[in-house]
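Bear in mind that the values in this text are calculations on the coordinates, not laboratory data. Worth saying up front: this structure is predicted, and the values here are computed from it rather than measured. Using ideal geometry, Cβ is built from the backbone for each residue, glycine included, and neighbour counts are taken over all protein chains shown.
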Protein chains: 2
Amino acid sequence: MSRIDVVAIGNALVDVLSNESHEFLEAHHLVPGAMELIDTTRAEQLYAAMGPAVEISGGSAANTLVGVASLGGSAAFIGRVADDELGAVFGHDIRAAGVDFRAKPAGGGEPSGRCLIVVTPDAQRTMNTYLGVGSLLCPPDLDEATVAGGKVLYMEGYLYDRPAAKEAFRAAAKIAHAHHRQVSLTLSDSFCVDRHRDDFRRLVADEVDILFGNDEELKSLYEVESFGEALAAVRDDCALAAITCGPQGSVIVTAEEVIKVAAEPVERVLDTTGAGDLFASGFLYGHTHGLSLAECGRLGSIAAAEVISHVGARPLVELRTLI
Amino acid sequence: MSRIDVVAIGNALVDVLSNESHEFLEAHHLVPGAMELIDTTRAEQLYAAMGPAVEISGGSAANTLVGVASLGGSAAFIGRVADDELGAVFGHDIRAAGVDFRAKPAGGGEPSGRCLIVVTPDAQRTMNTYLGVGSLLCPPDLDEATVAGGKVLYMEGYLYDRPAAKEAFRAAAKIAHAHHRQVSLTLSDSFCVDRHRDDFRRLVADEVDILFGNDEELKSLYEVESFGEALAAVRDDCALAAITCGPQGSVIVTAEEVIKVAAEPVERVLDTTGAGDLFASGFLYGHTHGLSLAECGRLGSIAAAEVISHVGARPLVELRTLI
């Protein structure tokens, strides 16, 4: 029997957030709402230009696992941090949230990863990720017993920007399948899909049992104009896909079924960051507890609704009290 | 002529905040609402017990300077950070807020200071300060040109918990007075006053031109029961005192005058932390710009009102737009 509901591989990141104007985005050549990987020099320049900031643990897959734990599920995270203070912050926060995270801090001189997030007055976040030691994640980092012990393996598409991580993905999927576990992937970002479309398509067709993403990412994956075409394509490729459509809710598809799930009503949307991450939390919690696909989608909507009703990409209340 | 309005000596701290129950305070023997200095072992234990946290730059005198800069004044900070990530965060945030901070990160193996803050459901903050490398602040850290260049020297009472810092205070006051500058002190915390009453009284009587504090701290300083007695005592001791009384506003006293200043109305008080720090910002900005004592108090009230209307001890808007 599996000890763990969801095991995830992702970028271990601490978010560094400051409020800036739209002119700031232009001055620093930032694409509004996108995620970009940046190197050390660019990270230093951008941080120096940013105003006073707040630090809070993040990382897309890490956020999803925190949501799974908050719903009452068990979760384990695989990712790299360095032996420094931001690494300690990331480790403290994810463990304090109830997620298993055992990686020893890695040496090698690279610092822990961080995501410099510029928040504009329209509440949009533009993300600039400096992966640091996280960029060195590679197949030997995968603890086979951990991967084999999870009912579902969850992988973050953002990792695809690093060649070594692609190998780690394939290796992890192989381990999971060898132990009759399911493999899931989130597409993460339509720009990321753009950069690695062919690799993503191969991975989805060959290895992925459950695909997560939003409507834009799915259209980008299959290079089609309409959401209907994208859904048809994914039903051919993948046993199960759960696709979010913002305020329109989500659509869950298999070869046999198309299930539409309404979004949970939210009094006031304050910050949409983490909506997709937390939708995946609810869906995966339901899926690993034997619920119907419609119920999985409903739990996803509830978890997403909580996280968009406040600033920050991790839940502020115990999600198990909401379901 | 002075290049700088306010030069401050204080603890360089990054706040680490988590939400906990009252039972958490009891289980860890924490005195609600107090500030306590903790050592490495205790800091590690307490952090391990705390839930997921947020990091944000703090430090009482540093908050005051950020307020002075936000009002349009010039400010410089003297304090110690290590060459680590929390030190970089502290330095980035205070500089990004417009405060001059030139100290080279100090070696010696101690990390940068942090304040582990437990926020209970009554919105009260219980502070546990691990000073780290900040505990090594000593007279040689004082840059004479910086101290001599400020119209007012501002010192944080919290530093009195460290013997070497007491010497640094006396040395800084001597430099300031030798250059015909004014010396100000904030009492910081009534527990801190309790611990160092005699030293504080000597400092106030001998060196302090402007004393900041609240009604409780002032009563503790003079060991009297009534606020009236405390005011009478400070008028004997000190040329000028600006004492805050929470929602009752503040009282500014000299040998000749007693001026009552109303609190600025606030729609909803969300977090009173930083109220005293920001009152000092407004008062010192006014004082270094030649305003009347009543006007100085009014600016203090406006700055304090902004900071208690949101979570966090530094202003979220440019204070100069409010005055």
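Some notes on this structure:
- Built amide H within the under 5 Å cut-off of A:Leu37, gap 5+: A:Thr129
- Among the trypsin sites (Lys or Arg not before Pro) in the stretch B:29-116, those located in a DSSP loop and surrounded by at most 13 other Cβ atoms within 10 Å of their own Cβ are B:Arg102.
- Around the amide H of B:Gly59, modelled in the peptide plane, lie the amide H atoms of B:Leu13, all under 5 Å away and 5 or more residues distant in sequence or on another chain.
- Note, ³J(HN,Hα) from phi for the stretch A:301-308, Karplus 6.51, -1.76, 1.60, rounded to Hz, x at Gly and Pro: 4, 5, 5, 5, 4, 4, 6, 8
- Part-to-part distance (alpha-carbon centres) for the stretch B:264-303 and the stretch A:11-50, which is given in Å: 33 Å
- Equivalent ellipsoid, the stretch A:216-258 (semi-axes from 5 times Cα gyration tensor eigenvalues, Å): 15, 14, 8
- Pairs of lysine residues in the protein assembly as shown that meet both criteria, 8 or more places apart or on different chains and Cα atoms under 30 Å apart, total 22.
- Only Cα pairs under 8 Å and 6+ residues apart enter the sum, and on that basis the relative contact order of the stretch B:38-132 stands at 29 percent.
- Among B:Met127, B:Met50, B:Met35: highest mean-square fluctuation, GNM of chain B, C-alpha pairs under 10 Å: B:Met50
- Residues whose amide H lies under 5 Å from that of B:Ala106, counting only those 5 or more places away or on a different chain, are B:Val81, B:Ala82, B:Asp83; hydrogens are built 1.01 Å from N in the peptide plane.
- Both radii were evaluated on the Cα set of the stretch B:11-122; the Rg over Rh quotient, with Rh as the Kirkwood radius, amounts to 1.01.
- Rounded to the nearest 5, the antiparallel percentage of DSSP beta bridges internal to the stretch A:4-322 is 35%.
- Whole-Hz ³J(HN,Hα) from phi, Karplus 6.51 cos²θ - 1.76 cosθ + 1.60, for the stretch B:243-252, glycine and proline x: 10, 8, 10, x, x, 7, x, 9, 10, 10
- Label-to-label distances for B:Gly108 across copies, nearest first, come out at 3.4 nm, using points 7 Å from Cα in the beta-carbon direction.
- Inter-centroid distance (Cα atoms) of the stretch B:133-200 relative to the stretch A:51-130, Å: 38 Å
- Over chain B, the hull volume per residue, using the convex hull of the C-alpha atoms, is 124 Å³.
- MRE, 222 nm, helices only [DSSP H, n ≥ 4, -39500 (n - 2.57), over chain B, to nearest 500]: -11500 deg cm²/dmol
- The antiparallel fraction among DSSP beta bridges confined to the protein assembly as shown stands at about 40%.
- Think of each Lys and Arg Cβ as +1 and each Asp and Glu Cβ as -1; about the Cα centre, that makes the dipole of the protein assembly as shown roughly 440 debye.
- Computed log10 I(q)/I(0) for the stretch B:97-166 at 0.15, 0.17, 0.21, 0.26 Å⁻¹: -0.69, -0.85, -1.13, -1.33, from the Debye equation with unit scatterers placed on every C-alpha and solvent omitted.
- Antiparallel content of DSSP bridges confined to the stretch B:68-191, in %, to 5: 45 percent
- Reciprocal of mean inverse Cα separation for the protein assembly as shown (Kirkwood radius, Å): 26.2 Å
- Shielding of peptide B:80-87 by partners, expressed as the average count of other chain Cβ atoms within 10 Å per residue Cβ, is 3.
- Sparse packing (at most 10 other Cβ atoms within 10 Å of the Cβ) combined with a DSSP loop state is found for the following GluC sites (Glu not before Pro) in the stretch B:234-323: B:Glu256, B:Glu267.
- Projecting the Cα atoms of B:Ala88, B:Gln124, B:His287 onto the charge dipole of chain B (Cβ charges, centred on the Cα centre) puts B:His287 farthest toward the positive pole.
- Note, ³J(HN,Hα) from phi for the stretch A:196-213, Karplus 6.51, -1.76, 1.60, rounded to Hz, x at Gly and Pro: 9, 4, 5, 5, 4, 4, 4, 4, 4, 5, 8, 10, 8, 8, 10, 9, 10, x
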